[in-house]
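Some notes on the structure that comes next.
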Amino acid sequence: MSLTFPLTMPSAGADTSLFEIARVDYQSPETGGRLGGITAGFPLWRLTLALGPMEQAEGDAWRAFVAALRGAQRTFLARDLLRPYPAAYRAGFVGLDRAGGGAFDGTATSWSVSGTADVLTLNGLPAGFTLSVGDLVGFSWSPSRRALVRVIEAATASGAGVAAAAIEPALPSLVPSGAVATLAQPDVVMRLIPGETALGDEDTVSTRGGRIVALQDLRG
């Protein structure tokens with residue numbers, strides 16, 4: 001049986017996680033004295049995952065995962081292990097129904113963004129659904145194409161199941177209108193940063209931690 005890429009990332013053994021937006025910004029001073037700023041390229045998500053001591057089987061899974069990726073040659077799916085669901089629904093969406101009827105599985109029935117692409121409107125939510133600061137919304141439009149944004153302004157869905165909130169980063173223009181928007185374990189396509197990724201020593205019964213560092217590949 002051959003492996004399928006993007007590969008699914010193991011989760012057992014993860015100790016601490018930093019899942020943040022990585023930006024390359026420059027100050028842009030103007031002749032009149034005003035200080036501006038510009039960004040080089042599009043902001044990308046960066047994962048820094050610290051692995052704790054784990055049983056040998058868990059360590060073997062991480063070693064196989066890293067080996068299969070061949071450094072930065074192959075891709076995998078990564079998500080924020082600390083925020084798999086919105087903060088107000090940490091156990092998931094069991095028992096929630098859309099405002100228009102039918103069980104809610106975390107996906108929006110449709111979505112749109114403002115002209116600046118930094119205000120996201122989600123449709124098809126449960127009435128009164130809460131979006132908290134820090135919640136993540138993922139977009140997928142093929143097995144290897146993903147985008148991810150973070151809510152930076154709390155919002156509550158109307159009785160019709162519509163909620164609008166400010167997001168960062170702005171939604172990339174390459175995300176098609178037909179992409180599926182989800183609040184359920186949203187993920188992105190990433191590649192390892194080999195020089196910063198390392199697994200700990202092991203003995204016959206355990207692996208002594210390690211570190212996984214990766215950067216989003218927006219093009220998949």
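The values are calculated or read from the model by the stated rules, or taken from the named source; none is laboratory data. Quantities reported herein were computed from a predicted structural model and do not represent experimental measurements. Backbone-built Cβ (ideal geometry, glycine too); neighbour counts: all protein chains shown.
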Of everything in region 155-195, what is free of Cβ contacts under 8 Å to residues at least 60 places away in the same chain and either within 23 Å of A61 (Cβ to Cβ) or in contact with a His (Cβ under 7 Å, 6 or more places away or on another chain) (or both)? Give them in sequence order.
G195
Do you know which of the residues in region 112-130 that are within 26 Å of L215 (Cα to Cα) and of a type in the set (A, V, I, L, M, F, W, C) is surrounded by the most Cβ atoms within 10 Å (Cβ to Cβ)?
L120
Only one of (1) surrounded by 14 or more Cβ atoms within 10 Å (Cβ to Cβ); (2) farther than 30 Å from T207 by Cβ; (3) of a type in the set (S, T, Y) does not apply to T48, and that is (2)
Answer from D97, D15 - the residue that is acidic (D, E) and farther than 25 Å from R150 by Cβ
D97
Can you name every residue in region 117-144 that is within 10 Å of V162 (Cα to Cα), polar (S, T, N, Q) and in contact (Cβ under 8 Å) with a residue 40 or more places away in the chain?
T121
Any residue in region 99-111 that is in the same structural domain as A179 (by TED's automatic domain parsing) sitting within a Cβ distance under 7 Å of a residue that is aliphatic (A, V, I, L, M) and not in a loop (DSSP other than H, G, I, E, B)? List the pairs, counting only those 6 or more apart or interchain.
T107/V180; T107/A181; A108/L122; A108/A181; W111/L120; W111/L122; W111/A181
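Per-residue answers, yes or no, for (1) modelled with pLDDT of 95 or more; (2) closer than 16 Å to F93 by Cα; (3) within 12 Å of the chain's Cα centre (by Cα); (4) charged (D, E, K, R):
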residue	(1), (2), (3), (4)
A127	yes, yes, no, no
T130	yes, yes, no, no
V137	yes, yes, yes, no
P143	no, no, no, no
R146	yes, no, yes, yes
I152	yes, no, no, no
S158	yes, no, no, no
A163	yes, no, no, no
Among the residues of region 65-102, which ones are modelled with pLDDT under 95, surrounded by 13 or more Cβ atoms within 10 Å (Cβ to Cβ) and among the aliphatic types (A, V, I, L, M)?
L81
Filter region 202-220 down to the residues that are of a type outside the set (D, E, K, R) and surrounded by fewer than 16 Cβ atoms within 10 Å (Cβ to Cβ), then identify the one that is nearest to A12 (Cα to Cα).
V205
Residues that are of a type outside the set (A, V, I, L, M, F, W, C) and touching a Gly at 6+ places or on another chain (Cβ under 8 Å): does region 163-178 have at least one?
no
Let me confirm something: among I167, I212, which residue is farther than 19 Å from A67 by Cα, at pLDDT 95 or above, among the hydrophobic types (A, V, I, L, M, F, W, C) and in a strand (DSSP E or B)?
I167
If we scan region 194-201, do we find a residue that is buried (at least 16 other Cβ atoms within 10 Å of the Cβ), in a loop (DSSP other than H, G, I, E, B) and outside the structural domain of G95 (by TED's automatic domain parsing)?
yes
Only one of R146, R191 that is surrounded by 16 or more Cβ atoms within 10 Å (Cβ to Cβ), basic (K, R), in the same structural domain as L218 (by TED's automatic domain parsing) and assigned to a strand (DSSP E or B)
R191
(1) in a strand (DSSP E or B); (2) within 23 Å of R79 (Cβ to Cβ) all hold for E153 apart from (1)
